[in-house]
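After the structure tokens below, expect a handful of questions from me.
The values are calculated or read from the model by the stated rules, or taken from the named source; none is laboratory data. What you see is a predicted model; the values in this text were computed from it and never measured. No Cβ is skipped: glycine too gets one built from the backbone with ideal geometry, and neighbour counts run over all protein chains shown.
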Amino acid sequence: MAFSLTKDDICLFLGEGLKMKRLLYGTLFVLVTFGAICFAAPTPAIVPAQSEWTAEIRFEHLQQIELQTKANRPLRFWYTIITVTNKTKNEVDFYPQCVLMTDTFQIIPAGKSVTPAVFELIKRRHQRKYPFLELLEKVDNKLLPGQDNTTDIAVIWPDFDQKAKAVKLFISGLSNETAVIDHPTAKEKSGMPVKVFLRKTLELSYDIAGDPTLRSHTKITYKDNRWVMR
């Protein structure tokens, strides 16, 4: 059977081809950029410099809690408790920051949409083990030395994407070790690469399993922890 292409058909064909080409190049650009960042990122020093410190840290595994509202619609939150001890002989600056990242690329800073009532629930739940529990956003910015000044901190997030099958917690501010790398693509006006500043960060990894409609029965499996520069 013979057929012919009109001018409009040819334009449509070429237009779709151009879209696919742009999509392919865009995807490749993202992958190359991500790979370059990962490849260029340094790892924390095995033997830190004399001026560098890293606090001793213990942590409770990620868990969830519900806050009942007046509308009888419970709000779900996730939290961990970190215990931080300054093992140096001097007080150090302490500005912890924590984010939760899902495998669906949702990134949530700790404290977002978290009311004081949630912290009070967590504090009551752990009153025996952590009688002096503090909220991350209220913790003192000076970490005093010694075991007697150990600080217990609640880190809280609102509920995240129910489709997520894995999450990572990134906790920075536990060390003054930093690094600087060149951004793989961004340039200054001078033409020099933009500098990216990284901090030594604790990464905690968990797998999430269960029916999304039965959130309270979600199974949380601890995978591992490691120090990264981020």
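Got a sec? Which of Val118, Val180 is in the same structural domain as Trp78 (by TED's automatic domain parsing), of a type in the set (Val, Ile, Thr) and exposed (fewer than 12 other Cβ atoms within 10 Å of the Cβ)? Even if it seems obvious, please write down each step before you answer.
Values: Val118 fails: exposed (fewer than 12 other Cβ atoms within 10 Å of the Cβ).
Going through Val118, Val180 in turn, the sole match is Val180.
Does region 69-84 contain at least one residue that is over 19 Å from the mean Cα position of the chain (by Cα) and either part of a strand (DSSP E or B) or under 25 Å from Tyr206 (Cβ atoms) (or both)?
Pass one, region 69-84, residues over 19 Å from the mean Cα position of the chain (by Cα): 69-75.
Then keep just the ones that are either part of a strand (DSSP E or B) or under 25 Å from Tyr206 (Cβ atoms) (or both); that gives 74-75.
Among the residues of region 69-84, at least one is over 19 Å from the mean Cα position of the chain (by Cα) and either part of a strand (DSSP E or B) or under 25 Å from Tyr206 (Cβ atoms) (or both), which makes the answer yes.
For region 149-173, enumerate the residues that are in a loop (DSSP other than H, G, I, E, B), under 26 Å from Ile208 (Cα atoms), of a type outside the set (Gly, Ala, Ser) and touching a strand residue (DSSP E or B) at 6+ places or on another chain (Cβ under 6 Å). Please lay out each step first, then the result.
Keep residues of region 149-173 that are in a loop (DSSP other than H, G, I, E, B), which gives 150, 159-165, 173.
Next cut, under 26 Å from Ile208 (Cα atoms) only: 159-165.
Filter once more, keeping what is of a type outside the set (Gly, Ala, Ser): 159-163, 165.
If the condition is that a residue be in a loop (DSSP other than H, G, I, E, B), under 26 Å from Ile208 (Cα atoms), of a type outside the set (Gly, Ala, Ser) and touching a strand residue (DSSP E or B) at 6+ places or on another chain (Cβ under 6 Å), then Asp159, Phe160, Asp161, Lys165 are the ones that fit.
Does Lys123 qualify as being basic (Lys, Arg) and in a loop (DSSP other than H, G, I, E, B)?
For Lys123, the condition - basic (Lys, Arg) and in a loop (DSSP other than H, G, I, E, B) - is not met.
Between Ser113, Ser4, which is surrounded by fewer than 15 Cβ atoms within 10 Å (Cβ to Cβ), at pLDDT below 95, outside any strand (DSSP E or B) and on the phi < 0 side of the Ramachandran plot?
Within the list Ser113, Ser4, the selection yields Ser4.
Another question about this same structure. Of Ser190, Ser172, which residue is touching a Cys at 6+ places or on another chain (Cβ under 9 Å) and small (Gly, Ala, Ser)? Reasoning before the result, please.
Values: Ser190 fails: touching a Cys at 6+ places or on another chain (Cβ under 9 Å).
None of the others qualify; the one that does is Ser172.
Here is a further query. Somewhere in region 127-137, is a residue over 30 Å from Ile220 (Cα atoms) and either surrounded by 14 or more Cβ atoms within 10 Å (Cβ to Cβ) or not basic (Lys, Arg) (or both)? Let's see the steps before the verdict.
To start, the set of residues in region 127-137 that are over 30 Å from Ile220 (Cα atoms) comprises none.
So far as region 127-137 goes, no, none of its residues is over 30 Å from Ile220 (Cα atoms) and either surrounded by 14 or more Cβ atoms within 10 Å (Cβ to Cβ) or not basic (Lys, Arg) (or both).
May I ask you to verify whether Gln97 is out of contact with any strand residue (DSSP E or B) (no Cβ under 6 Å at 6 or more places or on another chain), under 25 Å from Ile208 (Cβ atoms) and surrounded by 12 or more Cβ atoms within 10 Å (Cβ to Cβ)? Please lay out each step first, then the result.
Numbers: out of contact with any strand residue (DSSP E or B) (no Cβ under 6 Å at 6 or more places or on another chain): no; under 25 Å from Ile208 (Cβ atoms): yes; surrounded by 12 or more Cβ atoms within 10 Å (Cβ to Cβ): yes.
Criteria not met by Gln97.
Just to be sure I understand the filter: pairs with C-beta atoms under 8 Å, separated by 6 or more residues or on different chains, first member in region 219-230 and in the same structural domain as Thr201 (by TED's automatic domain parsing) and under 10 Å from Asp207 (Cα atoms), second member surrounded by fewer than 12 Cβ atoms within 10 Å (Cβ to Cβ) and of a type in the set (A, V, I, L, M, F, W, C). Which pairs pass?
Sorted first by the residue in region 219-230, then by its partner, the pairs are Lys219/Ala209; Thr221/Ala209.
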